[in-house]
DNA sequence: CTCATTTATTAAAATAAATTAATAAAGAGT
DNA sequence: ACTCTTTATTAATTTATTTTAATAAATGAG
């Protein structure tokens with residue numbers, strides 16, 4: 001026995017814990033696997049894998065989930081995570097609203113609530129969020145003990161190490177970081193992640209990017225975000241800001257961006273820019289059905305323009321097409337630098353479907369060297385916002401597993 | 001004993017080989033380490049690490065290299081690679097000439113020969129290269145048996161898996177890839193790598209980027225190349241083309257690039273472009289000492305312009321400064337996408353020192369969000385072309401170790 | 001010179017894990 | 001129903017490796 005002071009875990013413990021966490025993660029990611037497969041995958045013997053799986057079953061982490069297919073002979077028993085061992089709480093926050101979701105460990109949605117909380121840079125926001133969440137959990141009768149941790153996605157430059165969103169500094173009060181405050185209040189581990197990064201993980205684990213190693217996700221919402229996945233892992237950059245496609249300069253004599261620079265991509269291809277362009281066009285007397293779509297006093301939003309386009313409104317189609325071209329040019333730049341296998345377009349503007357994706361694809365063909373194009377596919381997300389929610393979940397769980405079995 | 005047909009290596013062999021290759025790589029990269037450190041590093045016990053080191057010593061891979069410092073008590077014995085176990089042959093090829101270099105495993109230069117072979121896209125080139133190399137090895141009395149492998153760096157889009165340079169397709173004859181031909185002729189493993197990628201590895205292992213995790217290397221030569229190192233590893237992209245900064249469009253109404261696109265960065269900021277700009281200026285009658293620097297009939301080259309700038313020639317300084325600004329703008333784009341810790345400028349134009357680096361830095365300040373700048377440093381390489389040579393060497397050895405101890 | 005301190009070496013003991021083998025179980029095909 | 005094939009289970013055996021401990025070696029400090 002080692003004394004408490006010299007709590008240096010032994011080599012054997014380290015290796016055993018590594019195997020345990022590998023197994024848990026594999027079970028989470030694959031859904032279910034046989035012992036044979038796991039043993040081969042992690043270079044362990046079958047008895048030894050069996051032993052660990054049995055331990056994990058005793059501890060309630062793992063259950064038998066059925067049997068697999070067999071060409072001949074006895075079919076393998078499949079094991080999976082005990083989906084009810086813990087639940088997770090996901091807070092998905094954006095500028096329009098906030099979703100509170102509870103998942104089980106099989107990514108099954110348990111309960112969900114859409115809350116009318118728009119992200120803004122104030123101390124009050126976090127208080128309101130905590131209040132809403134508390135109410136939600138109480139109403140649903142979900143005890144803190146049944147929660148494994150909290151995952152939180154939001155737009156902005158997120159410094160993961162510090163647990164801070166630098167785009168919304170006022171969410172951090174005095175000396176307590178955003179993550180620390182939530183962690184303190186709920187007594188649960190928090191995983192903070194940028195919304196586009198989360199989407200990328202979701203698409204990689206469960207969507208169009210499954211099995212791919214090099215993936216870009218373009219998220220067109222209020223601004224333009226780029227999610228990057230390289231060698232099968234999310235890439236964050238040195239300080240977590242990688243992928244700021246929205247603030248590369250594309251027009252030297254363009255408009256002033258909210259970031260203070262001139263002619264950023266954001267000033268042309270964001271949801272914000274689209275509305276501005278539409279308003280300008282309407283004011284200039286362009287023919288369009290857009291004004292008719294608005295109720296008395298209702299402000300113009302992106303979904304109106306998308307709807308108009310789907311109704312054949314030439315003006316709206318034109319706006320989306322121009323936006324797509326410019327966006328495609330920006331994506332072409334990213335493609336030259338990252339050389340990905342797949343680019344996935346997501347976000348509110350992805351609802352515009354081919355009105356966006358066609359010009360994007362066209363621009364990529366125009367601006368990319370053929371060497372890049374040949375190995376590249378451009379797709380509109382099929383998972384939609386589910387990618388982001390599942391992405392946060394995957395990120396959270398991967399984080400928790402490392403913590404739990406360190 | 002397992003029969004030959006069922007050569008499935010056991011779990012124990014796999015683990016042991018992994019530890020062996022880890023140790024060898026660690027010894028190569030660190031130069032020398034103590035057994036204690038290695039055991040801790042790779043989660044093995046001291047006796048077990050000792051055993052493997054002793055085996056490796058018997059096999060001639062490892063030698064004692066001295067003793068390390070000790071605050072108190074017996075100083076640790078340090079072990080290192082046996083530098084003479086094998087030598088490596090490095091072929092460093094570019095459009096001006098070719099260098100043949102033999103290193104030992106401690107990266108010490110054994111012999112070096114500069115060969116007057118300019119890279120060109122023809123079958124003859126490879127024959128000439130093989131001939132020169134043969135002669136070089138014979139003249140130096142270096143037997144094939146003493147060589148562990150051959151590392152080869154050259155510009156162009158290199159498909160590592162296929163062993164082909166797609167920019168110079170004629171180096172590949174009929175059905176034999178470039179790498180396969182060399183491998184066949186010399187009977188040695190070949191590691192092919194893009195020159196800028198090699199430079200990046202060199203700077204990371206032995207230069208300014210040592211210890212950094214996220215590094216960009218900008219190589220300004222005939223064209224603009226970008227070397228990318230993320231999470232401590234070189235990043236190649238899905239098909240090995242990542243980092244084609246030179247062919248992102250920066251001028252919608254610019255010049256036609258040799259790649260067929262319009263207004264690529266290459267058309268403004270490459271060595272080729274610099275000479276074109278200088279010629280145009282001279283023809284337009286700009287005041288400059290450039291013509292005086294040229295001997296009768298000598299063609300203008302980049303080093304003339306750099307020399308003129310160092311002599312205070314305003315025209316040349318102006319040219320370099322404009323080029324630096326444009327290059328900096330391009331780098332700013334890459335910085336937004338990769339969020340690196342350090343950007344290292346290398347290549348022939350790096351010789352221009354502050355005439356290039358100052359405007360580059362200025363442009364980055366102008367075009368980068370402050371979040372990126374705060375954690376970023378821009379440096380001119382201190383290793384120069386040594387970075388590339390050592391980079392190829394490191395790449396080759398890392399490759400060989402994996403092959404040798406699989 | 002002696003002591004304290006640290007690394008090295010070696011061997012013995014203990015443990016963990018792999019390997020092996022034998023048997024059982026669960027289907028699929030004939 | 002029987003064979004074939006594969007997985008599962010279990011136990012015995014063997015091997016590898018860790019752990020422990022005791023001793024030796026190397027150095028600096030007092």
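Quick one: how many residues across the stretch A:218-234 are farther than 20 Å from residue A:328 by Cα and surrounded by fewer than 24 Cβ atoms within 10 Å (Cβ to Cβ)?
So the answer is 4.
On the basis of being at positive phi and at pLDDT 90 or above, does residue A:80 make the cut?
Here the answer is no, as residue A:80 does not meet what is asked.
Tell me the residue from A:65, A:98 that is in contact (Cβ under 8 Å) with a residue 24 or more places away in the chain and more than 16 Å from DNA strand C (Cβ to nearest atom), please.
A:98
Against the condition under 30 Å from the mean Cα position of the chain (by Cα) and either in the same structural domain as residue B:108 (by TED's automatic domain parsing) or at pLDDT below 90 (or both), how does residue B:22 come out, does it pass?
no
When the residues of the stretch B:34-50 are filtered to those that are within 7 Å of DNA strand D (Cβ to nearest atom) and over 10 Å from residue B:19 (Cβ atoms), which remaining residue is nearest to the other protein chains (Cβ to nearest Cβ)?
Per the criteria, the residue is B:45.
Kindly establish whether residue A:327 is touching a helix residue (DSSP H, G or I) at 6+ places or on another chain (Cβ under 9 Å) and touching a residue at least 60 places away in the same chain (Cβ under 8 Å).
Spelling it out, residue A:327 is indeed touching a helix residue (DSSP H, G or I) at 6+ places or on another chain (Cβ under 9 Å) and touching a residue at least 60 places away in the same chain (Cβ under 8 Å).
Restricting attention to the stretch B:33-47, which residues are part of a loop (DSSP other than H, G, I, E, B) and crowded, with 20+ Cβ neighbours inside 10 Å?
Across the stretch B:33-47, the qualifying residue is only B:44.
Select, from A:191, A:209, A:242, the only residue that is part of a loop (DSSP other than H, G, I, E, B), more than 9 Å from chain B (Cβ to nearest Cβ), surrounded by 24 or more Cβ atoms within 10 Å (Cβ to Cβ) and in contact with a helix residue (DSSP H, G or I) (Cβ under 8 Å, 6 or more places away or on another chain).
A:209
Every residue, every condition in (1) buried (at least 22 other Cβ atoms within 10 Å of the Cβ); (2) modelled with pLDDT of 90 or more, yes or no:
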residue	(1), (2)
B:261	no, no
B:267	yes, yes
B:288	no, yes
B:343	yes, yes
B:352	yes, no
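What number of residues within the stretch B:245-257 satisfy the criterion of being assigned to a loop (DSSP other than H, G, I, E, B) and either within 8 Å of another protein chain (Cβ to nearest Cβ) or closer than 16 Å to residue A:250 by Cβ (or both)?
Of the residues in that region, 6 qualify.
Of the numbered conditions (1) modelled with pLDDT of 90 or more; (2) away from DNA strand C (no atom under 16 Å from the Cβ); (3) more than 22 Å from residue B:396 (Cα to Cα), residue B:104 fails exactly one; give the number of that condition.
(3)
The values are calculated or read from the model by the stated rules, or taken from the named source; none is laboratory data. Note that the coordinates shown come from a computational prediction; the quantities given were computed from them, not determined experimentally. Note that each Cβ is placed from the backbone with ideal geometry, even for glycine, and that neighbours are counted across all protein chains shown.
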